[in-house]
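Data block below; observations after.
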Amino acid sequence: MAPGAALALVAHDLLADFAETAPDLSGAVVVVPNLHAAGELARALAVQAGRALLLPKITTLGVWAAERPLPSGSLPEVARESALFAALRSRQWFEAADLWPLTAELARLFDELTQYQVTLPATVGEFERALEAAYQTKAGEAMQFEARLVFELWHASAKPRNEIVDAVAGYQLQLATIAREASRPLYAVGLPELIPNERAFFDAYARHAPVKFYQVAGNAKDASGAARFFASVWPTAGTGSAVLRERAAAFAGSSPSSPVKQSLRLYAAPSLEHEAR
């Protein structure tokens, strides 16, 4: 359903579910994709109720999680990347000029491993065999080196630092805390595709309190050209072709002129400092 219709339905269900306590709806939590939607939902509730209300908690997953402080704080991203950089430099596997770009790539990879709840095998040999199975090929020298690189740096970055965790792991812990303490009905509307630790949060929350989901389906024909372009570049999991070349050809067939050509530029940065600027 359209976003407006979804918010109207949430408003209707809230007023029905909390008819006995109305106009007090504070016993509910509504998770929306952004804070703009929070204002829209508040207006929908006011229109349907026709009177002043004590609103439910309307928030996003990120804002809600940030309200729960971590016991020992969160590790700043610059500190985490500095530790990764030092670990890479100590191994002397790469030229100095390559260390910072590789550090950034590894940090992104480790964030994805955490988000998707991936646990690496106990030994590098087991990891190599897992890669062989995934790629359906025998591990050569290059794959063995990559396996060792990821394995050693992942375990080095995962070592506890006085129980201080990075932002991605901290987000996971904060959501887990909220789920353990769940007591209010939860309404989730129009959320983008959830990563595994977010899905695990809703599953855990539902064991303690009711959870209702409201899906929002956009109309591709009504979307802007730029929106359709980005949707084709990064399609929702399970939809479209996995091959970028095929997706590009299909999009070019319907839109010969790129809708983002005035927004994208190539810049040949001669150094990391120029790239940052």
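The values are calculated or read from the model by the stated rules, or taken from the named source; none is laboratory data. What you are looking at is a predicted structure, and each value in this text was computed from that prediction instead of being measured. Positions of Cβ are backbone-derived with ideal geometry, glycine not excepted, and every protein chain shown enters the neighbour counts. Note: areas computed on protein heavy atoms with side chains; ligands, DNA, RNA excluded. Shrake-Rupley method; radii C 1.70, N 1.55, O 1.52, S 1.80 Å.
Look at segment 123-134: where a residue is surrounded by 14 or more Cβ atoms within 10 Å (Cβ to Cβ) and a partner is polar (S, T, N, Q), sitting 6+ places away or on another chain with Cβ atoms under 8 Å, you get Glu128/Gln144. Being modelled with pLDDT of 85 or more, in contact with a helix residue (DSSP H, G or I) (Cβ under 7 Å, 6 or more places away or on another chain) and not β-branched (Val, Ile, Thr) narrows it down to one of Phe251, Phe201, so name that one. After applying the criteria, what remains is Phe201.
Among the residues of segment 12-36, those identified as open to solvent by 10 Å² or more (accessible area, probe 1.4 Å) and either within 18 Å of Leu194 (Cα to Cα) or part of a helix (DSSP H, G or I) (or both) are His12, Asp13, Leu15, Ala16, Asp17, Pro33, Asn34, Leu35, His36. Pairing residues of segment 236-256 that are under 27 Å from Ile195 (Cα atoms) with residues that are hydrophobic (A, V, I, L, M, F, W, C) and at pLDDT below 70, at Cβ distances under 8 Å and at least 6 apart in sequence or on separate chains, gives Leu244/Val233; Arg247/Val233; Phe251/Phe229. The residue that is nearest to Val168 (Cα to Cα), counting only those in segment 84-105 that are open to solvent by 40 Å² or more (accessible area, probe 1.4 Å) and among the small types (Gly, Ala, Ser), is Ala86. A single entry from Arg68, Arg43 fulfils the requirement of being open to solvent by 30 Å² or more (accessible area, probe 1.4 Å), more than 24 Å from Leu272 (Cα to Cα) and assigned to a helix (DSSP H, G or I): Arg43. Candidates Pro192, Pro160, Pro196, Pro235: the one that is at pLDDT below 75, under 16 Å from the mean Cα position of the chain (by Cα) and not aliphatic (A, V, I, L, M) is Pro235.
I'm trying to understand the selection: among the residues of segment 188-216, which are open to solvent by 80 Å² or more (accessible area, probe 1.4 Å) and part of a helix (DSSP H, G or I)? Result: Arg199, Asp203. Among what's in segment 46-58 and is in contact with a strand residue (DSSP E or B) (Cβ under 9 Å, 6 or more places away or on another chain) and over 14 Å from Arg184 (Cα atoms), pick the residue that is least open to solvent (accessible area, probe 1.4 Å). Within segment 46-58, the match that is least open to solvent (accessible area, probe 1.4 Å) is Leu53. Taking the criterion of being open to solvent by 90 Å² or more (accessible area, probe 1.4 Å) and among the aromatic types (Phe, Trp, Tyr), the only residue of segment 250-277 that qualifies is Tyr267.
Quick one: in segment 71-83, of everything that is assigned to a helix (DSSP H, G or I) and without any contact (Cβ under 8 Å) to a residue 40 or more places away in the chain, which residue is surrounded by the most Cβ atoms within 10 Å (Cβ to Cβ)? Ranking the qualifying residues of segment 71-83, first place goes to Glu81.
A single entry from Arg148, Arg108 fulfils the requirement of being modelled with pLDDT of 75 or more, among the basic types (Lys, Arg), surrounded by 14 or more Cβ atoms within 10 Å (Cβ to Cβ) and closer than 22 Å to Leu84 by Cβ: Arg148.
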